[in-house]
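Student: Below: one structure in structure tokens.
The values are calculated or read from the model by the stated rules, or taken from the named source; none is laboratory data. Just so you know, these numbers come straight off a predicted model, no measurement behind them. When we count neighbours, we look across all protein chains shown, and the Cβ atoms used for this are built from the backbone with ideal geometry, even at glycine.
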Amino acid sequence: MFDEQSVSKIAKEREKWEKTTVPSWLRRNPERKNEFKTTSDIAIKRLYLPEDVKNLDYLRDLGFPGRFPFTRGLHATMYRGRLWTMRQFSGFATAEQTNKRFKYLLKEGESGLSVAFDYPSIMGRDSDDPMSRGEVGVCGVAVSSLRDMEILFDGIPLDKVTTSMTINGPAAMLLAMYIAIGDKQGVPRRKLGGTTQNDMLKEFYAQKLCIFPPKPSVKLVVDIIEYCTKHLSRWNPVSISGYHIREAGSNAVQELAFTLADGITYVESTLERGLKVDDFAPRLSFFFAAHNNFLEEIAKFRAARRLWAKIMKERFKAKDPRSLWMRMHVQTSGCTLTAQQPINNVVRVALQSLAAVLGGTQSLHTNSLDETLALPSEEAVTVALRTQQIIAHESGVADTVDPLAGSYCVEALTNEMEERAMEYINKIDDMGGVIPAIENGFLQREIADSAYRYQQELDNKERILVGVNDYTVEEDWVPIKLLRIAPDVEAEQLAILQKMKRERNNLRVKEVLDKLHDAADRDENLMPTIIEAVKSYATLGEITNVFRSVFGEYKELIVI
Amino acid sequence: MSSGRRIRVVVAKPGLDSHDRGAKIVARAFRDAGMEVIYTGLRQTPEQIVETALQEDVDVIALSILSGAHLALFPEIMEQLKKKGLDDILVFAGGIIPKEDIPLLKKIGIAEVFGPGTRTDTLVKFILENVRKRK
């Protein structure tokens, strides 16, 4: 961005400054640490200068918002037009209670729904499964069949909202239920808007909510991509997720690299299915965490967009500009929140959200201050939503596009994130891709190592976490009443399930489950048969069990 | 640790949740502190945990749970330990466990409950001070 002459002129001045001004200041004012580093172990310099970005070519590397390589944003006017989608992940207890929370959030100005399912549902188990005991409706909403889903979306017109569903192993079944509700409401399938997370790869090494082995899992992912490409043109079939990789303990570079490596695998697998890249790539979406290191996070989001655009253009020869878009959802990082002095979490969430907005996200979830203690209470979730509204309407950062572009530091970090992520991607390619890197434990080990290092830094106080290893107090003040799931939720949910099972046509259910078994054996796209099955009120567990019998179950590879 | 065998710990994950970051970190920390560590992996039933403790002849069980199902699962673990005569094993827990549940958990024999933000050396010290050497 600078001509060579002025770069070297400034560099010469920098040398003088380092020899004179700096040492004389340091004599009386030593720096706080010997070295300053980001969470990814990137050394942070005292001062960034034009020489740090001397190879940056504005048109090649930054360009204009809405144009390749999209470093400055996906859309020409970004938030001057439409603000990001404020989407709060929520779900607890029975479908009826979550339905009330959804309606409350929509009334308070939320612009999209996001469903959290309970652990049994996530693992493809019904509420009456022996493994579900004590877990029903505890960490999310219990959905065992279409009946629960009907209650969950009661009075919510599916052509007016978009819905994100955090579901992976049983994504096809939950999407099928959503389609079934759309059909009942008379909403054409092409008008259904939303996202299924449906990113199985990261499950094997990060979130670890796996049901089937990697290969059939990816087959189901591709079934959904293929089905949506043909029938649900407004649906994002997969949300390729770095969030869980980060929460499991990775650093920012690993989050970026592993997410993109997963993305590459999905593109390759879908191409193998015979689809054309420009037919499905525009609907691939991404999901990242916003962690504490403000500048590193902004750089991560900008680098992610640029890197994905290059991969799609160069590696996969995509032509449609929308195939090059990395549309992203961001959630503030749950693992950065503290149980100690929880009100401080409001500040952490605000800073992380600001990084996400300055990084150009399309959609944002802000965590609630009480989430290290329980599922968020209504008051806490309101503060979280208000945080986004304050950034949007009061801070001014949404009034211009990519305001930190051109910062020597942010641009240098953006380059560094991209380079380091690319090194990892090459390494994974050399191993034969993500699945071999899971099977040989590489990805699990990388994350476990980073997580352990982070904890050691906290234990040794190399990293200060306010309220935890410094600035501590005797008694923590929790300003709000925590949400507790009533113990009778399980019984209530079991009653709904039993009633449904009595009322449905059990012969029809058996017939359609047999049909599903045959379809799975034949290796055809399973979506149409799954839709048929959920409409007959076959349960989530029954359908999953059919697949368990055909695909087998995944046995965790334990890497400490 | 000069006399006798090393302390044997099983780090166990009951419940359906998959948050194993903490469990793995403490497993490593115990190993680095010179203990023999067995990590069970995710989603262990109470029966499986007790069976592992028996087979591996452990001195300590460290339970990690973040799903909220502790009140349903912990009593069962403690009961089965008692039935098998393993109630001299030191059992403690960590994860997301509301403060108001702790008295009940202590009553059934869980020695201590640690929350988020606990230092790993606090846990090591806790084991060293509380483990009853069996054999």
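Student: Which condition from (1) surrounded by fewer than 24 Cβ atoms within 10 Å (Cβ to Cβ); (2) farther than 22 Å from A:GLY441 by Cβ is the one that A:LYS208 breaks?
Tutor: (2)
Residues are listed down the side, and each one gets a yes or a no for (1) among the aliphatic types (A, V, I, L, M); (2) more than 18 Å from the chain's Cα centre (by Cα):
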{"position": "A:MET149", "(1), (2)": "yes, yes"}
{"position": "A:ALA176", "(1), (2)": "yes, yes"}
{"position": "A:ALA180", "(1), (2)": "yes, yes"}
{"position": "A:ARG189", "(1), (2)": "no, yes"}
{"position": "A:GLU203", "(1), (2)": "no, no"}
{"position": "A:LEU209", "(1), (2)": "yes, no"}
{"position": "A:SER217", "(1), (2)": "no, yes"}
{"position": "A:ALA248", "(1), (2)": "yes, no"}
{"position": "A:PHE258", "(1), (2)": "no, no"}
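Student: Within segment B:43-55, can you find the residues that are surrounded by 16 or more Cβ atoms within 10 Å (Cβ to Cβ) and farther than 18 Å from B:GLU79 by Cβ?
Tutor: B:ARG43
Student: Let me ask you something else. Can we say B:LEU71 is within 14 Å of chain A (Cβ to nearest Cβ) and either of a type in the set (A, V, I, L, M) or assigned to a loop (DSSP other than H, G, I, E, B) (or both)?
Tutor: The answer is yes for B:LEU71.
Student: Looking only at segment B:56-78, count every residue that is touching a residue at least 24 places away in the same chain (Cβ under 8 Å) and within 25 Å of A:ILE485 (Cα to Cα) and tell me the total.
Tutor: Quick first cut of segment B:56-78, residues touching a residue at least 24 places away in the same chain (Cβ under 8 Å) only: B:56-71, B:73-78.
The next check asks that each one be within 25 Å of A:ILE485 (Cα to Cα); those that pass are B:63-71, B:73-78.
Selection size over segment B:56-78: 15.
Student: So in segment A:366-381, with the set limited to residues that are in contact with a strand residue (DSSP E or B) (Cβ under 7 Å, 6 or more places away or on another chain) and more than 14 Å from every other protein chain (Cβ to nearest Cβ), which one is modelled with the highest pLDDT?
Tutor: A:THR366
Student: Give all pairs with beta carbons closer than 7 Å in which a residue from segment A:303-317 that is under 10 Å from A:GLU418 (Cβ atoms) and in the same structural domain as A:PHE288 (by TED's automatic domain parsing) meets a residue that is among the charged types (D, E, K, R) and modelled with pLDDT of 95 or more; count only pairs at least 6 apart in sequence or on separate chains.
Tutor: A:ALA303/A:GLU418; A:ARG306/A:GLU418; A:LEU307/A:GLU418
Student: I would also like to ask the following. Return the residues of segment B:79-130 that are assigned to a loop (DSSP other than H, G, I, E, B), more than 13 Å from every other protein chain (Cβ to nearest Cβ), surrounded by fewer than 19 Cβ atoms within 10 Å (Cβ to Cβ) and of a type outside the set (Asp, Glu); say none if nothing qualifies.
Tutor: Kept after step one, since they are assigned to a loop (DSSP other than H, G, I, E, B), are these residues of segment B:79-130: B:84-89, B:96-98, B:108-112, B:115-119.
In the following step, the residues that additionally are more than 13 Å from every other protein chain (Cβ to nearest Cβ) were identified as B:84-89, B:108-112.
Add one more test, that the residue is surrounded by fewer than 19 Cβ atoms within 10 Å (Cβ to Cβ), and what stays is B:84-88, B:108-109, B:111-112.
Of everything in segment B:79-130, those that are assigned to a loop (DSSP other than H, G, I, E, B), more than 13 Å from every other protein chain (Cβ to nearest Cβ), surrounded by fewer than 19 Cβ atoms within 10 Å (Cβ to Cβ) and of a type outside the set (Asp, Glu) turn out to be B:LYS84, B:GLY85, B:LEU86, B:ILE108, B:GLY109, B:ALA111.
Student: Still on this structure: Does segment A:21-44 contain at least one residue that is touching a Cys at 6+ places or on another chain (Cβ under 9 Å) and either at pLDDT below 95 or farther than 30 Å from A:ALA495 by Cβ (or both)?
Tutor: yes
Student: Of the conditions (1) under 30 Å from the mean Cα position of the chain (by Cα); (2) under 15 Å from A:SER145 (Cα atoms), A:VAL559 clears all except one; give me its number.
Tutor: It is condition (2) that A:VAL559 fails.
Student: Inspect segment A:333-356 for any residue being in the same structural domain as A:GLY137 (by TED's automatic domain parsing), over 27 Å from A:ASN469 (Cα atoms) and crowded, with 21+ Cβ neighbours inside 10 Å and give the result as yes or no.
Tutor: no
Student: I would also like to ask the following. Only one of A:SER323, A:SER333, A:SER363 is closer than 30 Å to A:ALA309 by Cβ, more than 14 Å from chain B (Cβ to nearest Cβ) and in contact with a His (Cβ under 6 Å, 6 or more places away or on another chain); which?
Tutor: After ruling out the rest, the residue left standing is A:SER363.
Student: Let me ask something additional. Let me confirm something: among B:ALA53, B:ALA33, B:ALA27, which residue is of a type outside the set (S, T, N, Q) and in contact (Cβ under 8 Å) with a residue 60 or more places away in the chain? Don't jump to the end; show me each part of the working.
Tutor: Working: B:ALA53 fails: in contact (Cβ under 8 Å) with a residue 60 or more places away in the chain; B:ALA27 fails: in contact (Cβ under 8 Å) with a residue 60 or more places away in the chain.
So the residue among B:ALA53, B:ALA33, B:ALA27 that is of a type outside the set (S, T, N, Q) and in contact (Cβ under 8 Å) with a residue 60 or more places away in the chain is B:ALA33.
Student: Please verify whether A:ASP128 is part of a loop (DSSP other than H, G, I, E, B) and surrounded by fewer than 23 Cβ atoms within 10 Å (Cβ to Cβ), treating the condition exactly as stated.
Tutor: yes
Student: State yes or no: is A:ALA116 of a type in the set (A, V, I, L, M) and either away from every other protein chain (no Cβ under 14 Å) or not in a strand (DSSP E or B) (or both)?
Tutor: Considered against the rule, which asks whether it is of a type in the set (A, V, I, L, M) and either away from every other protein chain (no Cβ under 14 Å) or not in a strand (DSSP E or B) (or both), A:ALA116 comes out as no.
Student: Restricting to segment A:110-136, count the residues that are within 23 Å of the chain's Cα centre (by Cα) and small (Gly, Ala, Ser).
Tutor: 6
Student: Give the number of residues within segment B:1-30 that are over 18 Å from B:ALA69 (Cβ atoms), of a type in the set (Gly, Ala, Ser) and within 10 Å of chain A (Cβ to nearest Cβ).
Tutor: 2
Student: Name the single residue that is farthest from the chain's Cα centre (by Cα) among those in segment A:466-494 being within 12 Å of chain B (Cβ to nearest Cβ) and of a type in the set (Val, Ile, Thr).
Tutor: Step by step, filter segment A:466-494, then rank; the result is A:THR472.
Student: Quick one: which residue in A:SER353, A:SER323 is at pLDDT 95 or above, farther than 27 Å from A:LEU106 by Cβ, outside any loop (DSSP other than H, G, I, E, B) and of a type in the set (S, T, N, Q)?
Tutor: Every option except A:SER323 fails the conditions.
Student: Within segment A:446-459, identify whether any single residue is under 32 Å from the mean Cα position of the chain (by Cα), among the aromatic types (Phe, Trp, Tyr) and surrounded by 14 or more Cβ atoms within 10 Å (Cβ to Cβ), and answer yes or no.
Tutor: Yes, segment A:446-459 contains at least one residue that is under 32 Å from the mean Cα position of the chain (by Cα), among the aromatic types (Phe, Trp, Tyr) and surrounded by 14 or more Cβ atoms within 10 Å (Cβ to Cβ).
Student: Which condition number does B:ALA62 fail, the rest of (1) assigned to a strand (DSSP E or B); (2) within 11 Å of chain A (Cβ to nearest Cβ) being met?
Tutor: (2)
Student: Okay, moving on. Collect the residues in segment A:111-140 that are within 22 Å of A:GLN185 (Cα to Cα) and not small (Gly, Ala, Ser), keeping them in residue-number order.
Tutor: Answer for segment A:111-140, where residues must be within 22 Å of A:GLN185 (Cα to Cα) and not small (Gly, Ala, Ser): A:LEU113, A:VAL115.
Student: Taking the condition of being more than 9 Å from chain A (Cβ to nearest Cβ), hydrophobic (A, V, I, L, M, F, W, C) and in contact with an Asp or Glu (Cβ under 7 Å, 6 or more places away or on another chain), how many residues in segment B:31-59 meet it?
Tutor: 1
Student: Could I ask something else about it? Could you list, in sequence order, the residues of segment A:16-49 that are within 23 Å of A:LEU413 (Cβ to Cβ) and among the charged types (D, E, K, R)?
Tutor: A:GLU18, A:GLU31, A:ARG32, A:LYS33, A:GLU35, A:LYS37, A:ASP41, A:LYS45, A:ARG46
Student: Now, a different point. Any residue at all in segment A:400-421 that is of a type in the set (D, E, K, R), under 25 Å from A:GLU247 (Cβ atoms), out of contact with any Gly (no Cβ under 8 Å at 6 or more places or on another chain) and free of Cβ contacts under 8 Å to residues at least 12 places away in the same chain?
Tutor: yes
Student: I'd like to know if segment A:240-258 contains one or more residues that are touching a Leu at 6+ places or on another chain (Cβ under 9 Å), farther than 15 Å from A:ALA356 by Cα, modelled with pLDDT of 95 or more and of a type in the set (Phe, Trp, Tyr).
Tutor: The answer is yes; a qualifying residue exists.
Student: For segment B:59-77, which residues satisfy the criterion of being among the hydrophobic types (A, V, I, L, M, F, W, C) and surrounded by fewer than 23 Cβ atoms within 10 Å (Cβ to Cβ)? Even if it seems obvious, please write down each step before you answer.
Tutor: First, pick out the residues of segment B:59-77 that are among the hydrophobic types (A, V, I, L, M, F, W, C): B:60-63, B:65-66, B:69, B:71-74, B:77.
Within segment B:59-77, B:LEU66, B:ALA69, B:LEU71, B:ALA72, B:LEU73 meet the criteria.
Student: I'd like to verify a number: residues in segment A:174-195 that are surrounded by fewer than 20 Cβ atoms within 10 Å (Cβ to Cβ) and either at positive phi or not assigned by TED's automatic domain parsing to the domain that holds A:LEU152 (or both), how many?
Tutor: Residues meeting the conditions: 1.
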